[in-house]
Amino acid sequence: MGCAPSQDARHMGKLGTDAIDQIHIVGRVVGTFSFLGSISIICCYIAFPALRKLAFTLVLFMSIADVMAAVGDFLAPDGTRCSTCLAQAYLNSIFDLSSVLWTSCITHCLYRAIRHRDAEVYKYQTRYHAFSWGVPILLAIVPQFANAYGLENGRGWIRST
């Protein structure tokens with residue numbers, strides 16, 4: 001399955017247990033701020049119908065990806081439960097990359113609208129979804145075939161060799 005604990009599940013790589021605990025604390029604090037900021041964007045999008053234009057819709061999808069990435073940051077695998085480790089690895093692999101790709105789609109949308117005066121940028125929306133959700137999912141599946149997901153320095157991620 002890919003999450004076999006090491007001899008000492010909490011001490012992976014060169015980090016000690018104190019450093020791993022600090023990584024978990026920082027991850028949860030940063031994840032909390034990211035989660036709250038993204039949730040506020042989602043709530044504003046729902047509350048204000050005037051924001052439901054393509055550019056703001058793309059920001060909505062980026063915020064959804066950020067919320068899911070923050071959920072991955074809340075998890076703290078301890079090496080004894082493979083499901084927590086894999087969940088964190090998949091959440092971070094898929095949604096961190098998805099957020100970056102949504103940013104590039106927003107950039108493309110603004111570029112087309114401003115530079116090329118393209119009034120029909122909405123026609124790219126299906127491509128944006130395929131790119132921003134599809135590519136991260138495909139890239140997250142590849143390490144699973146190589147049995148590469150596991151506990152790495154206290155986090156569910158791709159193990160170093």
Being of a type in the set (Asp, Glu), open to solvent by less than 60 Å² (accessible area, probe 1.4 Å) and more than 27 Å from HIS24 (Cα to Cα) is the filter here, so list the residues in segment 110-153 that pass it. ASP118
Does segment 147-157 contain at least one residue that is within 20 Å of PHE95 (Cα to Cα) and part of a helix (DSSP H, G or I)? no
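Does VAL100 satisfy the condition of being part of a helix (DSSP H, G or I), open to solvent by 40 Å² or more (accessible area, probe 1.4 Å), free of Cβ contacts under 8 Å to residues at least 12 places away in the same chain and under 25 Å from ARG28 (Cα atoms)? Spell out the reasoning first.
Numbers: part of a helix (DSSP H, G or I): yes; open to solvent by 40 Å² or more (accessible area, probe 1.4 Å): yes; free of Cβ contacts under 8 Å to residues at least 12 places away in the same chain: yes; under 25 Å from ARG28 (Cα atoms): yes.
When the stated conditions are applied, VAL100 passes them.
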From the residues in segment 26-83 that are of a type outside the set (Phe, Trp, Tyr), in contact with a Gly (Cβ under 7 Å, 6 or more places away or on another chain) and assigned to a helix (DSSP H, G or I), which one is nearest to ARG155 (Cα to Cα)? ASP73
Return the residues of segment 87-137 that are more than 21 Å from the chain's Cα centre (by Cα) and among the β-branched types (Val, Ile, Thr); say none if nothing qualifies. ILE114, VAL121
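The values are calculated or read from the model by the stated rules, or taken from the named source; none is laboratory data. It should be emphasised that the depicted structure is a prediction, and the values quoted were computed from it without experimental measurement. FYI the Cβ positions are ideal-geometry reconstructions off the backbone, even for glycines, and counts take in every protein chain you see. Please note that ligands, DNA and RNA were not included when accessible areas were found on the heavy atoms of the full protein model with its side chains. Shrake-Rupley method; radii C 1.70, N 1.55, O 1.52, S 1.80 Å.
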